[in-house]
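The values are calculated or read from the model by the stated rules, or taken from the named source; none is laboratory data. Because the structure is a prediction, the values reported are computed rather than measured. Note that we place each Cβ from the backbone using ideal geometry, even for glycine, and neighbour counts take in every protein chain shown.
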Amino acid sequence: MSTTAFAQDYNNRLGQQRGGKVTFEPLGPGVFFDALDPTVKRWYVPQELYHDYRFRTWEYSNYARDPYERYVNITREGEYFYDTFGNFVNRGWLIYDWRQEALTPLGSSIYQDSRYLGWFNQVLIATDSKGGALYSITTGDQIRTTLTPMTFSKPAFNGIQLDFATDKYAGTVLLSRISNPVRASVSNADTRTNATNMIGGRALAQVGDFVTVGATWVNAHNTRTTLGSFDSNPTRGTLGDGQARVPINAIALVLSDDSPEDGEGGTALFSHDLVVVREDFQNGIRETLTLADLTNDPTRWPVIEGGFREEGFLAANGIQRIIINYDFNDPAYIGPDPTELVKVTFDLVLANDYKVEVWSDRQTGQETPPEAPLTRATLDERNPVLLEIARAPDNTKDGSNRRRLVFDYGLPTATQIYGFTIEAQDVLGFNFYGEYDINQKFRQYPNLALFTDDRSFEDASTRADAWMMNLSFQGDPWFFFGEAFSMDHDYSTSSFLLNQNGDINYDQPSQFFYEFVEDNDDQDRTPDWQRGGQPGPDFAIFPGWDENNDFVSDFNQNDNRTISNRIPDYDEPFLRYEVDRPEFLFGIDLNNNDWIDRFENDDEPDFPYKRDHRGYNAYSGVYVTPGVRMSVGQTREELLSSERENTTTYGLVTVDEDWAGLGRLRVFDMIKKAKDAIPDDRRAPQAFLLAGLPAKVADILPAQDTWVNSLFIGFDYTRIPRLNIRNKIKYDLYVQSSDDLRALDRSPLRERSSFFGLINKVDYTYRFEGLSIQPRFKSQYLRRTPFLRREADVEEWDEFLSVILKFPVLRHSMIEVGTEFRQLRELKADEDALLQDSILGPTGDLNETNLAVQWSTTTDYLGYVLLLQTGFRLSRRASETIEMMDLVIDKKSTIETGTTTFITIYAGVEQ
């Protein structure tokens with residue numbers, strides 16, 4: 001076999017050496033002098049086949065002497081990439097690419113390669129540093145990001161975060177296309193003409209040794225890539241294609257009572273006017289017209305429905321509404337054609353407790369907007385999209401807050417928040433944090449001619465403010481904490497998202513809302529609600545009930561998403577000895593809704609303070625001993641949109657002492673005088689992981705003028721080895737100071753309400769040569785007098801006696817046998833009286849017996865630890881009822897027997 005020597009020519013593939021440095025910039029094709037002969041015959045270009053395989057297309061091929069060499073990839077995988085200046089980047093793979101091009105359709109594009117998901121697990125990080133300066137850029141689908149809790153905080157931010165830090169300065173920039181962001185990967189770039197982009201940042205500077213000042217800015221704006229980038233202020237946004245192509249043909253103002261529950265002092269409308277601006281698009285001349293120019297019969301246009309006439313004004317109290325319809329296709333309207341309108345301004349004179357909302361036929365939703373004119377029946381039956389414009393700052397009823405409200409109508413285009421912070425650390429023992437933020441919401445009036453000419457729309461904006469201050473002091477043994485706060489009711493960290501067609505469904509937050517600050521009460525990686533382009537919703541929400549951080553409620557620890565367990569541990573046989581009911585938890589309840597504050601789950605963003613609230617809280621105290629603390633304080637807050645207030649003055653004593661050789665004593669006692677008329681609704685905790693959306697629990701306002709005392713005493717006796725004695729007392733008392741107090745739904749409240757609970761538990765563990773016997777006894781007494789008079793009192797005593805026996809079998813197997821006896825007695829109802837009055841049904845008493853046997857074997861298999869469990873459980877419950885038997889009413893024991901057999905195998909990586 002003979003071979004021919006061959007030297008491969010790499011041409012420019014190895015770069016060009018210039019001045020001792022190899023560069024790879026594109027050079028373009030050169031002139032090949034061997035190809036300058038003037039022949040008619042085809043010139044076969046010596047490319048890949050010639051250079052890599054010595055194959056000459058113009059010659060006869062014969063593989064008798066030189067065997068055929070199959071095609072192989074002799075170069076690295078990937079593509080050649082060059083940067084903006086023509087510099088060769090590398091040969092590899094495009095992992096992530098986000099581009100925003102102006103003056104072109106489909107100019108917003110995001111590409112994420114499958115390797116972004118497979119190789120890099122949806123996170124790319126680049127870092128650099130020099131001296132004391134550090135820089136990092138993070139690209140990811142779920143980045144934990146916080147600027148400040150009042151401006152931007154997300155557990156799963158999809159976008160790019162750039163960070164810079166030195167000894168005295170720090171800065172962050174956030175970038176994202178928040179409408180339809182790519183999650184995971186796409187085979188082709190996701191391109192769009194209409195998009196919503198977000199940009200934000202925070203800068204910090206240290207002043208001196210103790211003070212740090214900061215500035216924050218976050219903006220989300222709609223964009224259309226057919227526009228020039230600087231034709232207008234991009235942070236104010238623009239209307240999408242779908243919004244701008246169709247003119248507005250009808251607008252309606254809906255005026256209502258901002259506090260309808262009191263049934264009085266609602267909206268008072270003294271006058272209304274309309275100013276429009278039309279443009280002649282032939283010559284660009286604009287003309288301003290008032291209501292008198294738009295109709296020749298003010299009694300027919302605009303069409304006003306609802307309300308009732310008072311002396312000098314039109315009123316709407318309670319559930320009443322005033323609807324002012326401006327239908328530009330109505331025969332009584334003689335103004336410009338809707339396609340010529342570029343600006344519409346409303347001028348109202350209002351008083352009392354007003355609420356102003358606006359509707360138009362371009363405020364799209366999941367359903368087709370109703371036909372004009374808008375009526376009360378339409379509002380009730382069709383539920384059209386209403387956008388809020390203004391609310392009265394309080395619940396004024398005497399007309400003293402009379403004001404003129406002037407606003408331009410438009411569709412939302414951008415949301416912006418900017419503010420500053422100041423923080424001081426350890427200044428003479430004091431720490432301080434202050435923050436002030438301003439929220440702006442921009443809107444624009446749609447016009448097809450302006451859209452076609454790529455001109456800017458007329459825009460307007462509204463403003464809302466929020467601020468907070470915290471001051472703390474720690475000087476042994478004294479301490480102090482004070483906080484003041486205010487947040488307007490319309491302060492919003494939500495932004496609307498454009499879809500691919502340039503439209504928005506304003507009533508569909510799960511797809512068309514983006515949140516700067518999430519509702520994530522349980523502080524996990526998944527927000528509680530569903531929003532566009534992000535994971536969620538999270539229905540398994542139990543704030544403060546997951547102390548071991550396993551994403552499962554501590555009150556139902558053996559629940560999981562593979563096999564759901566719907567019985568809480570405090571009701572489940574054998575487990576209920578260790579786990580007590582949540583009613584026995586104790587803590588601070590400053591909003592007086594009968595639920596501990598740190599366990600609350602609501603539907604609001606996780607701001608440090610609630611919207612529409614302004615007030616302060618301050619307390620001071622002393623450590624009597626390291627384990628004994630006493631403090632007094634006061635909370636005072638008000639709703640900015642009404643006259644509702646909460647003033648709570650409190651005293652607090654806590655004791656946490658460990659006595660060697662005896663046990664641990666815990667005491668919590670809080671007494672407070674509360675005048676709380678502010679409702680704080682919440683979501684009920686879920687019993688199991690797959691329970692779905694948590695139910696809403698309304699605050700009935702149980703402490704409107706009330707003395708409240710909450711006491712908890714717990715003592716664990718540990719002096720005798722292997723003997724555990726645990727005791728708990730929980731006592732809550734509400735005493736009303738005023739007569740005839742009523743809940744929010746007007747139901748009468750009891751003058752005295754209470755909860756008393758007592759738990760005693762004792763167990764002893766005996767061990768002998770691998771044998772373990774543990775007898776256990778638990779007694780639980782509960783007495784509750786509810787807040788509402790219509791609800792019945794509860795008093796019951798529940799006791800459990802159980803024995804657990806464990807002994808080993810073979811080397812890695814164990815048998816566990818357990819029996820449990822339960823006796824529940826309902827102590828409130830008089831059973832003899834029930835019999836005498838012939839009241840049929842359960843008496844509330846029951847006896848229950850449980851028996852369980854379980855065999856467990858642990859073994860190693862294929863690198864895993866296998867646990868096999870097989871067993872049997874028998875449950876027998878006897879419930880007492882009063883029934884009619886042979887024409888005689890008597891007590892009867894109804895017996896239910898249940899059995900469970902199981903064979904279960906678990907696989908894990910550790911035992």
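Scanning the range 21-75 for residues that are at pLDDT below 75, assigned to a loop (DSSP other than H, G, I, E, B) and among the aromatic types (Phe, Trp, Tyr) turns up Phe24, Phe32, Trp43, Tyr44.
Of the strands (runs of 3 or more DSSP E) lying entirely inside the range 103-166, those containing at least 2 residues that are farther than 27 Å from Asn499 by Cα are 123-130, 133-148, 152-165. Of all the listed residues (Ser838, Ser772), the sole one being assigned by TED's automatic domain parsing to the domain that holds Val853, assigned to a loop (DSSP other than H, G, I, E, B), out of contact with any Cys (no Cβ under 9 Å at 6 or more places or on another chain) and surrounded by fewer than 16 Cβ atoms within 10 Å (Cβ to Cβ) is Ser838. Can you pull out every residue in the range 124-162 that is farther than 25 Å from Thr421 by Cα and touching a residue at least 40 places away in the same chain (Cβ under 8 Å)? Answer for the range 124-162, where residues must be farther than 25 Å from Thr421 by Cα and touching a residue at least 40 places away in the same chain (Cβ under 8 Å): Thr139, Asp141, Gln142, Asn158.
Looking at the range 167-189, which of its residues are among the hydrophobic types (A, V, I, L, M, F, W, C), in a loop (DSSP other than H, G, I, E, B) and crowded, with 20+ Cβ neighbours inside 10 Å? Within the range 167-189, just Ile178 meets the criteria.
Scanning the range 497-534 for residues that are out of contact with any helix residue (DSSP H, G or I) (no Cβ under 8 Å at 6 or more places or on another chain), of a type in the set (S, T, N, Q) and either within 14 Å of Arg177 (Cα to Cα) or outside the structural domain of Arg192 (by TED's automatic domain parsing) (or both) returns Gln500, Gln534. Residues of the range 259-268 that are among the charged types (D, E, K, R) and either farther than 11 Å from Lys397 by Cβ or at pLDDT 95 or above (or both): Glu261 alone.
A quick yes/no check of all residues on (1) more than 18 Å from Arg236 (Cα to Cα); (2) in a strand (DSSP E or B):
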{"site": "Ala466", "(1), (2)": "yes, yes"}
{"site": "Met469", "(1), (2)": "yes, yes"}
{"site": "Phe479", "(1), (2)": "yes, yes"}
{"site": "Gln500", "(1), (2)": "yes, no"}
{"site": "Asp503", "(1), (2)": "no, no"}
{"site": "Ser510", "(1), (2)": "yes, no"}
{"site": "Tyr514", "(1), (2)": "no, yes"}
{"site": "Gln523", "(1), (2)": "yes, no"}
{"site": "Trp529", "(1), (2)": "yes, no"}
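Matching residues to (1) closer than 18 Å to Trp359 by Cβ; (2) in contact with a Lys or Arg (Cβ under 8 Å, 6 or more places away or on another chain); (3) surrounded by 22 or more Cβ atoms within 10 Å (Cβ to Cβ):
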{"position": "Thr238", "(1), (2), (3)": "no, yes, yes"}
{"position": "Ile251", "(1), (2), (3)": "yes, no, yes"}
{"position": "Leu255", "(1), (2), (3)": "yes, yes, yes"}
{"position": "Pro260", "(1), (2), (3)": "no, no, no"}
{"position": "Leu274", "(1), (2), (3)": "yes, no, yes"}
{"position": "Arg278", "(1), (2), (3)": "no, yes, no"}
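Taken over the range 350-366, residues that are closer than 16 Å to Pro384 by Cβ, part of a loop (DSSP other than H, G, I, E, B) and not charged (D, E, K, R) amount to 4.
Could you go through the range 787-794 and let me know if any residue there is touching an Asp or Glu at 6+ places or on another chain (Cβ under 7 Å) and surrounded by 14 or more Cβ atoms within 10 Å (Cβ to Cβ).
No.
The set of residues in the range 306-340 being more than 28 Å from Ser642 (Cα to Cα) and exposed (fewer than 15 other Cβ atoms within 10 Å of the Cβ) consists of Asn329, Pro331, Ile334, Asp337.
Sort out which residues of the range 395-410 are under 25 Å from Thr345 (Cα atoms) and in contact (Cβ under 8 Å) with a residue 60 or more places away in the chain, and write them in order of number. Residues satisfying the conditions are Gly399, Arg402, Val406, Phe407, Asp408, Tyr409. State yes or no: is Ser738 out of contact with any strand residue (DSSP E or B) (no Cβ under 8 Å at 6 or more places or on another chain) and either modelled with pLDDT of 95 or more or of a type in the set (S, T, N, Q) (or both)? Judged against the criteria, Ser738 is a match. Could you tell me which residue of the range 545-570 is surrounded by the most Cβ atoms within 10 Å (Cβ to Cβ), considering only residues that are among the polar types (S, T, N, Q) and over 20 Å from Asn520 (Cβ atoms)? Taking the candidates together, the pick is Asn556. Scanning the range 555-573 for residues that are part of a loop (DSSP other than H, G, I, E, B) and under 22 Å from Arg822 (Cβ atoms) yields a count of 11. When Val579 is tested against (1) part of a loop (DSSP other than H, G, I, E, B); (2) within 25 Å of the chain's Cα centre (by Cα), exactly one condition is not met: (2). Within the range 596-605, restricting attention to residues that are in contact with a Pro (Cβ under 7 Å, 6 or more places away or on another chain) and either of a type outside the set (Phe, Trp, Tyr) or modelled with pLDDT of 95 or more (or both), the residue that is surrounded by the fewest Cβ atoms within 10 Å (Cβ to Cβ) is Arg598. In summary, Ser642 fulfils each of the numbered conditions (1) of a type in the set (S, T, N, Q); (2) under 24 Å from Phe756 (Cα atoms); (3) not in a strand (DSSP E or B) with the single exception of condition (2).
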